[in-house]
Amino acid sequence: MTETEIRFPAAPSALSFDRTVPRAEAHRRALGEVFVADSIADGDSTFYTALQIPRAHSLWYDRTTVYHDPFAMAEAARQGSFVILHRHVGVPVGLPFSMQRYDFAVTDREAFRDDEKSPLEGILRYEIVSRVDRSADFSDLTLAGELVIGGRAAMELSADVVFLARADYEALRAYQLGRVAAGGPDYTAAPLPAAAVGRRDSRNVVIGAPVAVGPAWDYPLLPDRRHPALFDHDYDHVPGPFIIEAFRQAALDTAVREGMLGTPNATVVSCSSRFTQFAEFGAPLECRCTPLDPTRPGTARIDLELRQFDRVLTVGTLELAELTGAEDSYLNRTEQPS
């Protein structure tokens, strides 16, 4: 019996990787941005999803290490939470939502090693551990998940999601958007070099050079709404996946600047995030990074705050592990002159 079968006794054999789920269920516009292939229910509170990341994805393939980016599977799992809520829990597609907390921890880094032959894929088990229905269109849900990749328990996740009535959402957003000046900033600060944030393509860099503020560093965020992955569809606010990618890049650059890591060749070990208010496009955004004491050798921990209007909108903590000698020769090769 495999580890996957031990952990998931009933469901995985019934899942298919033949096609994606309908894109609306995953809250995506482009078919290529849907990372959920299938889902099934096992009772009223346990669900399984089949997840796969395309090998040549413009963002998630853009890395320098031999390991897949755990954030790729975190994004697939985020989509998976919406799929199970729409398909199996009865939440209508199109109902406004807010993900107020999202945490994950990598439990087996080797499960993310790229074999250079196969897409990154796994099976995620979600459980609804708490549900409070405040009205017909207003529910608070807490989900806990475990991801298995290639028979190995690779990641643990948990999230708090709130769905609310469209009229309530629109009234809230109308009030919040009243704070934004007409026109707004054009976010023209120069992005950091791609290599400084673990990328190879400058189009995937979402932060500019920081300014030191006491023991912290403040990074300007550079939302480019033309980006095909981070801005897959129109938003009336800065989306969570963009904010988390900015957190990752800022934490990585801070760790190197502070000498906590010797190189940006690193991988995420864990991430915790709390979203308390929507971030707006029409005003400057910055990420404040404060180094924390590491919990284990060879790692760096960074405290993060998303700030706008002199307020903290999102907080988080990232732990990174250095990958000395783990650069990927295939990803980093260059054309040789003939």
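The values are calculated or read from the model by the stated rules, or taken from the named source; none is laboratory data. From a predicted model like this one, the values you see are computed outputs, not experimental measurements. Glycine also receives a Cβ, built like all others from the backbone with ideal geometry; neighbour counts cover every protein chain displayed.
Quick notes on this one:
- Residues (of a type in the set (A, V, I, L, M), under 25 Å from L323 (Cα atoms) and modelled with pLDDT of 95 or more) located in the stretch 48-107: I53, L59, A72, M73, A74, A76, A77, A105, V106
- Every pair of residues 6+ apart whose Cβ atoms lie under 6 Å, when the first sits in the stretch 212-232 and is in contact (Cβ under 8 Å) with a residue 12 or more places away in the chain and farther than 21 Å from E75 by Cβ while the second is surrounded by 14 or more Cβ atoms within 10 Å (Cβ to Cβ) and of a type in the set (D, E): D218/E286; P220/E286
- Selection status of V83, touching an Asp or Glu at 6+ places or on another chain (Cβ under 9 Å) and either surrounded by 20 or more Cβ atoms within 10 Å (Cβ to Cβ) or aromatic (F, W, Y) (or both): yes
- Residue match in the stretch 55-64 (condition: in a loop (DSSP other than H, G, I, E, B), of a type in the set (D, E) and in contact with a Phe, Trp or Tyr (Cβ under 9 Å, 6 or more places away or on another chain)): no
- With respect to being assigned to a loop (DSSP other than H, G, I, E, B) and at pLDDT 95 or above, A255 falls outside the description.
Okay, residues lined up against (1) at pLDDT below 95; (2) among the aromatic types (F, W, Y):
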site	(1), (2)
Y187	yes, yes
R199	no, no
N204	no, no
V211	no, no
H237	yes, no
A251	no, no
G259	no, no
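- Residues of the stretch 308-321 satisfying the condition of being touching a residue at least 24 places away in the same chain (Cβ under 8 Å) and not polar (S, T, N, Q): F309, R311, V312, L313, V315, G316, L318, E319, L320, A321
- Residues within the stretch 103-118 that are of a type in the set (F, W, Y) and farther than 10 Å from H68 by Cα, tallied: 1
- Selection of the stretch 101-126 for residues being more than 27 Å from I40 (Cβ to Cβ) and touching a residue at least 60 places away in the same chain (Cβ under 8 Å) yields R109, D114, E116.
- Of the residues making up the stretch 186-202, those that are surrounded by 15 or more Cβ atoms within 10 Å (Cβ to Cβ) and either part of a helix (DSSP H, G or I) or among the acidic types (D, E) (or both) are A194, A195, A196, V197.
- Set G259, G316: member being in the same structural domain as R203 (by the TED database) and farther than 23 Å from L157 by Cα: G259
- Within the stretch 245-268, the residues that satisfy the criterion of being over 22 Å from F112 (Cβ atoms) and surrounded by fewer than 23 Cβ atoms within 10 Å (Cβ to Cβ) are R257, E258, G259.
- Condition check for Q176: more than 25 Å from L143 (Cβ to Cβ), modelled with pLDDT under 85 and assigned to a helix (DSSP H, G or I): yes
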